[in-house]
Amino acid sequence: MGKTIIVSNRLPLQIKIEDEELEVTPSVGGLATGLKSFHREGGSVWIGWTGVSADDVPQGMEDLILEETRKEQCIPVSLTEEEVQGFYYGFSNRTIWPLFHYFMEYCEFNTDHWETYKQVNEKYANAVLEDLEDDDIVWVHDYQLLLVPNLIRKRKKNATIGFFNHIPFPSYEVFRTMPWREEILEGMLGANLIGFHTYDYERHFLSSVNRILLRDVTFNQVILNSRKVRVDSFPMGIDYDKFHNAALQTNRLTTDENSDFQQKLELHRSSTESAKLIISVDRLDYTKGIANRIRAYEFFLERYPEYKERVRLIMLAVPSREEVPQYQLLKKEIDELVGRVNGKFATVTWTPIWYFYRSMPFENLIDLYTTSDIALITPTRDGMNLVAKEYLATRTDQTGVLILSEMAGAAHELNEALLINPNNFDQVVETIKRAFEMPREEQIKRNKVLQQRLRRYTVEKWANDFMRALKETKDTSKTYDAIEIDEQIEEAILKKYRQSKNRFLFLDYDGTLVDFVSNPKDARPDQELLDLIQSLCAQEGTQVVLISGRDKETLGTWWREVPVPLIAEHGVWMRPASEEWVLSENVRCDWMETIRPVLETFVDRTPGSFIEEKNYSLAWHYRKTDPGLGELRANELSTVLKDLIANHGLSVLQGNKVLEIKSSDVNKGKAANKMLINQKADFIFAIGDDWTDEYLFNELPKAAITVKVGIKKTNARYFTKDTQQVRDLLRKLAKQN
Ligand code: GDG
């Protein structure tokens with residue numbers, strides 16, 4: 001087995017150069033904190049940026065950086081200041097971040113930023129490709145690198161690539177506003193497995209893929225021409241033991257041994273018997289709801305003045321993305337709010353808010369978590385929020401109350417916390433009060449359940465689960481019964497073709513010889529196709545038969561000039577080469593009067609759908625409907641029809657975005673076999689893309705070469721990817737003698 005290559009915007013370490021000296025420190029942030037233990041123990045390689053731009057690296061220091069990063073099994077990607085501006089501060093944090101967190105008013109659609117984003121994603125992909133060996137697994141992380149999976153895939157077709165998005169994926173209605181939405185989705189779909197923290201993000205992504213790229217989605221899989229992409233949710237956990245043990249250790253310290261910070265925290269506690277501490281820890285980011293948290297706290301002190309001098313809010317806001325204007329404004333807003341609240345309520349001995357705008361060492365973070373009675377975490381949107389989980393892990397005596405926004409991904413797992421809507425001030429205020437008054441037993445009862453869950457689903461388990469699922473997707477994509485036609489198989493088919501004297505080629509039309517178009521009437525054969533079929537027909541010993549569900553009028557008109565036998569309406573009609581149409585089955589159509597009104601009610605209720613009336617069948621098309629609605633109504637219609645068709649000897653064929661109702665006695669398999677009677681065929685080839693072609697694959701003699709177009713469940717022996725490949729193969733057959 002090969003190695004794992006982790007790829008993320010930043011490395012888990014940060015490099016600073018001061019006075020020509022190199023300083024290496026661990027980086028803070030959800031992703032780095034979470035994955036560090038997986039990286040350390042799993043022996044993986046980590047590719048990312050060091051945090052220092054190439055312009056700031058003094059000459060000759062590049063090698064030292066390489067050496068230092070290599071010690072941590074890291075490979076640095078070098079970025080210029082201009083690239084950092086356009087890619088990171090620009091497109092990542094002024095476009096994707098606000099859009100994906102539903103802050104559309106902050107979103108900038110800047111073409112230069114997009115160009116740099118693409119260019120830098122290429123850089124990351126190249127860094128991976130340089131190091132990538134056949135059995136390796138690539139795990140790409142987060143919104144800065146959405147294009148990387150496909151950039152790798154394009155150059156390394158069989159690579160095993162996983163992608164995990166650490167932030168929310170917004171609803172289709174929001175995502176569709178992105179000018180480069182197609183490129184972004186295609187970029188992500190380069191992966192074999194795409195992971196999100198919650199099922200909501202997963203379904204939003206699938207819905208965008210379905211609606212924007214018009215790709216089929218079955219359950220949690222996206223069906224592409226040559227592969228399937230699995231999409232799933234993996235809620236990220238934390239290194240539980242690390243936080244829990246650190247807390248145990250802190251709690252064991254005597255007063256003298258405590259850090260200065262801890263001693264100051266204790267001072268507040270000892271000031272009044274019932275004094276309590278509320279903490280909040282976040283990067284200073286507008287998604288974290290910091291400003292509204294302060295407002296809610298102010299509201300709380302106004303509504304419940306008895307808590308004055310008995311409560312203190314300790315806010316740790318870690319500086320983040322200071323070059324982005326919104327973050328500068330937010331910093332200002334928070335400074336002012338803190339000033340206002342402290343100015344309004346402070347007494348000589350009491351300040352209601354202690355505000356730290358900096359990053360703290362890990363030990364102080366633990367001091368904060370262990371000393372506080374309440375954690376107030378109120379993001380307006382948050383992919384997961386690890387702070388909530390870390391707080392719980394440090395509560396070694398199981399006391400403490402977590403107030404958590406339901407807009408954080410973590411809320412899905414942490415049901416026993418007090419969940420709030422951060423926009424509902426009234427609710428936040430009442431919940432703070434409830435947290436204050438919550439009996440110790442209740443706190444323990446809630447935290448016990450929460451801790452059990454967090455202890456079980458750790459970051460290590462999360463990473464292993466993702467990896468296992470990624471390996472599985474690789475395996476399942478090989479388990480199609482049908483085998484892809486590669487060069488070797490193609491050569492064998494051509495050889496057999498050359499050696500045969502009486503060949504039959506049954507070719508489906510839509511989705512096989514031509515691509516689907518939104519209006520079926522526009523799918524008339526192009527000149528190249530007409531010539532191709534003509535040349536196959538002209539070959540001695542070859543019978544080409546076009547076998548389609550289309551009506552005979554359309555097929556007859558389109559193929560008027562080419563002497564090719566036609567089978568229309570799945571076998572109801574046959575036109576031997578250039579002759580008149582004959583009705584091949586004794587089919588009835590008196591049932592139509594009963595079925596048509598049922599279909600009409602579905603047309604009325606499903607905008608974009610329509611009925612195609614053929615001589616002996618009725619088809620309900622839903623290609624042009626809203627995709628979700630179309631599938632839903634198709635299922636409903638199948639159920640409704642089930643009872644009706646049994647009485648009339650009918651069957652429902654589920655085609656590609658079409659349901660067709662026709663007599664059970666007619667299908668493509670029966671029609672094709674009829675043509676083979678007494679023919680002594682020594683080469684039978686059938687190709688098609690949808691369910692109706694399965695009758696062909698099932699009913700033709702065993703020796704037939706059956707081929708499905710696209711990767712779908714099938715009884716065909718082989719598959720080929722798309723109409724282009726079908727034509728390539730037919731062109732080669734046409735050249736054989
Ligand atoms: C993104 C998503 C998702 C914070 N301050 C200090 C410090 N931290 C550590 C915390 C925690 C991490 O940083 C913050 O993680 P979050 O999950 O809360 O938030 P984001 O950075 O926005 O992370 C988020 C995450 O990715 C993972 O997928 O949960 O939704 O936005 O681990 O402990 N650590 C130290 N000093 C600090 O001052 N040492």
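Along the charge dipole of segment 692-737, which of Ala734, Leu696, Val709 sits closest to the positive end, that is, farthest toward it, with unit charges on the beta carbon of Lys, Arg, Asp and Glu (+1, +1, -1, -1)?
Projecting each Cα onto the dipole axis, the largest value belongs to Ala734.
On the full set of protein chains, 1.4 Å probe, figure out the accessible area of Phe103 and give it in Å² to the nearest 10.
Near enough 30 Å² of accessible area.
With a cap of 15 neighbouring Cβ atoms within 10 Å, and only residues DSSP puts in a loop, list the GluC sites (Glu not before Pro) found in segment 121-169.
Passing both the DSSP loop test and the Cβ count: Glu133.
Enter the accessible area of Arg633 (Å², nearest 10), with the probe set to 1.4 Å and all protein chains included.
Near enough 40 Å² of accessible area.
Given a 1.4 Å probe and heavy atoms of the protein chains only, how would you sort Lys713, Lys708, largest accessible area at the top?
Lys713, Lys708
Using the Karplus curve 6.51 cos²θ - 1.76 cosθ + 1.60 with θ = phi - 60°, what ³J(HN,Hα) values do you get for each residue of segment 84-91, in whole Hz, with x for Gly and Pro?
4, 5, x, 7, 8, 5, x, 4
Using a 1.4 angstrom probe and counting only protein chains, how large is the accessible area of Trp581 in Å², to 10?
The accessible area comes out at roughly 60 Å².
Please compute P(r) over all alpha-carbon pairs of segment 287-363, binned at 5 Å starting from zero, and give each bin as a whole-number percent.
Result, from short to long distances: 3, 14, 26, 23, 16, 12, 6, 2, 0 percent.
Dipole of the chain (Lys/Arg Cβ +1, Asp/Glu Cβ -1, origin at the Cα centre): which of Gly383, Trp591, Leu13 lies farthest to the positive side?
About the Cα centre, the residue reaching furthest to the positive side is Trp591.
Taking only Cα atoms of segment 4-233, what ratio of Rg to Rh do you get with Rh as the Kirkwood inverse-distance radius?
Here Rg/Rh amounts to 0.97.
Rounded to the nearest 20 Debye, what is the dipole magnitude of segment 4-233 about its Cα centre when Lys and Arg each give +1 and Asp and Glu each give -1 at the C-beta?
Roughly 1480 debye, rounded to the nearest 20.
Can you give me the angle between helix 362-371 and the longest principal axis of the chain, using Cα atoms only, in degrees from 0 to 90, rounded to the nearest 10?
Orientation of helix 362-371: about 80 degrees from the principal axis.
Over segment 49-153, average the accessible area per residue using a 1.4 Å probe and give it in Å², no decimals.
Dividing the accessible area of segment 49-153 by its residue count gives 42 Å².
What are the equivalent ellipsoid semi-axes of the chain, built from the alpha-carbon gyration tensor (square roots of five times its eigenvalues), in whole angstrom, biggest first?
Square roots of five times the eigenvalues give 62, 30, 21 Å.
Does anything in segment 695-711 have its amide N under 17 Å from the 7 Å Cα→Cβ label point of Gln724, and if so which residues?
From segment 695-711, the list is 709-711.
What whole-number volume per residue, in cubic angstrom, does the convex hull of the C-alpha atoms of segment 573-680 give?
Details: hull volume 13.5 nm³, N = 108.
In segment 573-680, the Cα convex hull volume per residue is 125 Å³.
Pick out, in residue order, every one of the GluC sites (Glu not before Pro) in segment 322-370 that is DSSP loop and has at most 14 other C-beta atoms within 10 Å; say none if there are none.
Those that pass, being in a loop and sparsely packed, are Glu322, Glu323.
Could you do me a favour and compute the accessible area per residue for segment 240-455, 1.4 Å probe, result in Å²? Walk me through the intermediate numbers first.
Numbers: 8990 Å² over 216 residues.
For segment 240-455, the solvent-accessible area averages 42 Å² per residue.
Residues with amide H under 5 Å of Ile420's amide H, sequence separation 5 or more or different chain, H placed in the peptide plane at 1.01 Å from N; which?
Residues meeting the amide H criterion: Leu404, Ser405, Glu406.
Would you rank Ser270, Ser207 by solvent-accessible area, highest first, keeping every protein chain in place and using a 1.4 Å probe? Don't skip to the answer; put the middle values down first.
On the way: Ser270 90, Ser207 35 Å².
So, going from the largest accessible area down, we get Ser270, Ser207.
Rounded to the nearest 20 debye, what is the charge dipole size of the chain about its Cα centre when +1 sits on each Lys and Arg Cβ and -1 on each Asp and Glu Cβ?
Numbers: 94 positive and 113 negative charges, 442 e Å.
Once rounded to the nearest 20, the dipole reads 2120 debye.
Could you give the distance between the Cα centres of segment 568-590 and segment 255-326, to the whole Å?
80 Å
Tabulate in residue order the Karplus-calculated ³J(HN,Hα) for segment 214-223, using 6.51 cos²θ - 1.76 cosθ + 1.60 with θ = phi - 60°, rounded to whole Hz; enter x for Gly and Pro.
6, 8, 6, 10, 10, 6, 10, 10, 9, 9
Which one of Ser578, Gly86, Leu146 has its Cα pushed farthest toward the positive end of the charge dipole of the chain, where Lys and Arg give +1 and Asp and Glu give -1 at the Cβ?
Ser578
For segment 597-612, take each phi angle, set θ = phi - 60°, evaluate the Karplus expression 6.51 cos²θ - 1.76 cosθ + 1.60, and give the result in whole Hz per residue in order, putting x for glycine and proline.
Working through the residues one at a time gives x, 5, 4, 4, 5, 6, 5, 4, 8, 10, x, x, 8, 8, 9, 10 Hz.
What spacing in nm lies between the two simple spin-label points modelled at Arg605 and Glu333, each 7 Å away from Cα in the Cβ direction?
4.5 nm
Looking at the chain only, what percent of DSSP beta bridges run antiparallel? Nearest 5 please.
Bridges in the chain are about 30 percent antiparallel.
In segment 537-607, which trypsin sites (Lys or Arg not before Pro) fall in coil by DSSP and have 16 or fewer other Cβ atoms within 10 Å?
Filter output for segment 537-607: Arg560, Arg588.
Under the rule of -39500 (n - 2.57) per DSSP H run of 4 or more residues, summed and divided by the residues of the chain, what mean residue ellipticity at 222 nm is obtained, to the nearest 500 deg cm²/dmol?
Value at 222 nm, helices only: -13000 deg cm²/dmol.
Probe radius 1.4 Å, ligands and nucleic acids left out: which of Tyr718, Tyr106 has the largest accessible area, and how do the rest follow?
Descending order: Tyr106, Tyr718.
Taking amide H atoms as placed 1.01 Å from N in the peptide plane, list the residues 5 or more away in sequence, or in a different chain, whose amide H sits under 5 Å from that of Ser320.
Under 5 Å from the amide H of Ser320: Leu284.
Any idea what the relative contact order of the chain is, in percent, if you count C-alpha pairs under 8 Å spaced at least 6 apart?
Relative contact order for the chain comes out at 9 percent.
Hey, what's the Cα Rg ratio for segment 240-455 versus the globular rule of thumb, 2.2 N^0.38 Å?
Against the empirical 2.2 N^0.38 Å value, I get 0.96 for segment 240-455.
Amide H to amide H, which residues 5 or more places from Thr80 or on other chains are under 5 Å from it, using H placed in the peptide plane?
For Thr80, the qualifying residues are Ala54.
Using only the alpha-carbon atoms, how far is helix 487-499 inclined from the longest principal axis of the chain? Give it as 0 to 90 degrees, nearest 10.
Computed tilt is about 0 degrees.
To the nearest 20 debye, what charge dipole does segment 592-663 have about its Cα centre, counting +1 at the Cβ of each Lys and Arg and -1 at the Cβ of each Asp and Glu? The partial results should precede the final answer.
Working: 9 positive and 10 negative charges, 35 e Å.
Roughly 180 debye for segment 592-663.
Helix 627-648: angle to the longest alpha-carbon principal axis of the chain, degrees 0 to 90, nearest 10?
Computed tilt is about 40 degrees.
Determine the share of the chain's accessible area contributed by carbon and sulfur atoms, expressed in whole percent, with a 1.4 angstrom probe.
On the way: 15030 of 31900 Å².
The C+S portion of the solvent-accessible surface of the chain is 47 percent.
The values are calculated or read from the model by the stated rules, or taken from the named source; none is laboratory data. Quantities reported herein were computed from a predicted structural model and do not represent experimental measurements. Note: ideal-geometry Cβ built from the backbone for every residue, glycine included; neighbour counts use all protein chains shown. Ligands, DNA and RNA are stripped out before the accessible areas are found, and what is left, the full protein with its side chains, is counted by its heavy atoms. Shrake-Rupley method; radii C 1.70, N 1.55, O 1.52, S 1.80 Å.
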